[in-house]
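A short write-up of the structure that comes next.
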Amino acid sequence: MKTLYLLLLLHSINNNFFAQDKPAYNIYNSFGKKTSFKNLREKALKSDCILFGEFHDNPITHWLQFDLTNELYCPNLVLGFEMFESDQQTILDAYIADKLTEKQFKDSCRLWPNYATDYKPLIELAKEKKIPCIASNVKRKYASLLFKKGRSALDTISEAEKKLFAPLDFKIDSTLSQYREIRKMGGHGMNGNMMEAQAFKDATMAMNIVKYLNLNFQIIHFNGAFHSDYYQGILWYIQQTEVGKKKRVVTISTVSQKDISKLEKDHFGKADFIICVPETMTKTH
């Protein structure tokens, strides 16, 4: 009788332990149905471009970025980074080719504060496997100049510098929900350029991605989720090009919720795959 009681007690403890188990993340599809990293990987393998939207300070997305890159590795793979600006391309190329020491690389690049924890693993993987990397973003000072003074302020920049960012006549679809939201945040007057500055970044990142799509590389591009959520931003600009219309693009987003067991409806449609992490998840910086 005592043995039976102990077995029932252990069974109860075991069930309670697993019932209280707290997953670090769940992955959902665009319709809010739970899916898996395996399904994400399989879809990514068949794509030409993956736009991996992250929370810059979230360790789960950075870990999944590394794992996906490692599993998708092939000689045709290229990595793209919002975190590196296009004028840093030569330095990034030199480091990947082992022509610079790590100290020289760090001293020469404007690295993000969380580089060591979040992006260094990807760069070191690229260096180890000789994966080309794209410094895709517009130079910060030019985005800032456009934000403060408008596009005309960039007219005096040299032609060589202009080749590093999207043509100044880039279009903006102000009806897109992401840009409407930014415009609402920016208000009027000088801050009305906030939407233009965001689009400038999106258009430049898309331009640099398209260069490699034209060469038939497979690309994983890492960017803040806002830049590709709802199939807008970077993806919208990619799809304005002839090559972009023909390529298969998979989008990934990141969201946080108090309860991750069910995706909140506000997040439906954000991406093909939505990584849902707890609001209490530790941040990297």
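From the set of residues in the stretch 230-247 that are part of a helix (DSSP H, G or I) and in contact (Cβ under 8 Å) with a residue 40 or more places away in the chain, which is surrounded by the fewest Cβ atoms within 10 Å (Cβ to Cβ)? Talk me through it step by step, then tell me what you get.
Within the stretch 230-247, the subset part of a helix (DSSP H, G or I) is 230-231, 234-238, 242-246.
Retained after the next criterion (residues that are in contact (Cβ under 8 Å) with a residue 40 or more places away in the chain): 230-231, 234-238.
Working: Tyr230: 17, Tyr231: 19, Ile234: 29, Leu235: 23, Trp236: 22, Tyr237: 24, Ile238: 26.
Out of the qualifying residues, it is Tyr230.
Condition check ((1) modelled with pLDDT of 95 or more; (2) of a type in the set (S, T, N, Q); (3) within 20 Å of Ser228 (Cα to Cα)) across all residues:
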{"residue": "Pro59", "(1), (2), (3)": "yes, no, yes"}
{"residue": "Leu68", "(1), (2), (3)": "yes, no, yes"}
{"residue": "Thr90", "(1), (2), (3)": "yes, yes, no"}
{"residue": "Ala94", "(1), (2), (3)": "yes, no, no"}
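Meeting the requirement of 3 or more residues that are under 26 Å from Arg248 (Cβ atoms), at pLDDT 95 or above and of a type outside the set (S, T, N, Q), the helices (runs of 4 or more DSSP H) wholly within the stretch 139-229 are 194-213. Among the residues of the stretch 113-124, those identified as under 15 Å from the mean Cα position of the chain (by Cα) and more than 22 Å from Lys99 (Cβ to Cβ) are Asn114, Asp118. Condition first: under 25 Å from Ala160 (Cα atoms) and either acidic (Asp, Glu) or surrounded by fewer than 16 Cβ atoms within 10 Å (Cβ to Cβ) (or both). Now tell me which residues in the stretch 83-103 satisfy that. Selection gives Glu85, Asp87, Thr90, Asp93, Ala94, Ala97, Lys99. Whenever a residue of the stretch 259-282 is assigned to a loop (DSSP other than H, G, I, E, B), its partners that are loosely packed, with under 15 Cβ neighbours inside 10 Å and among the aliphatic types (A, V, I, L, M), lying with C-beta atoms within less than 8 angstrom and at least six residues away or across chains, give the pairs Met281/Ala24. Assessment of the stretch 63-85 against the conditions (aromatic (Phe, Trp, Tyr), part of a loop (DSSP other than H, G, I, E, B) and touching a His at 6+ places or on another chain (Cβ under 8 Å)) yields no matching residue. Which one is farthest from Val210 (Cα to Cα) among residues in the stretch 171-182 that are out of contact with any Phe, Trp or Tyr (no Cβ under 7 Å at 6 or more places or on another chain) and touching a residue at least 24 places away in the same chain (Cβ under 8 Å)? Filtering the stretch 171-182 for residues that are out of contact with any Phe, Trp or Tyr (no Cβ under 7 Å at 6 or more places or on another chain) and touching a residue at least 24 places away in the same chain (Cβ under 8 Å), the one farthest from Val210 (Cα to Cα) comes out as Tyr179.
The values are calculated or read from the model by the stated rules, or taken from the named source; none is laboratory data. Given the structure is predicted, the values throughout are model-derived calculations rather than measurements. Backbone-built Cβ (ideal geometry, glycine too); neighbour counts: all protein chains shown.
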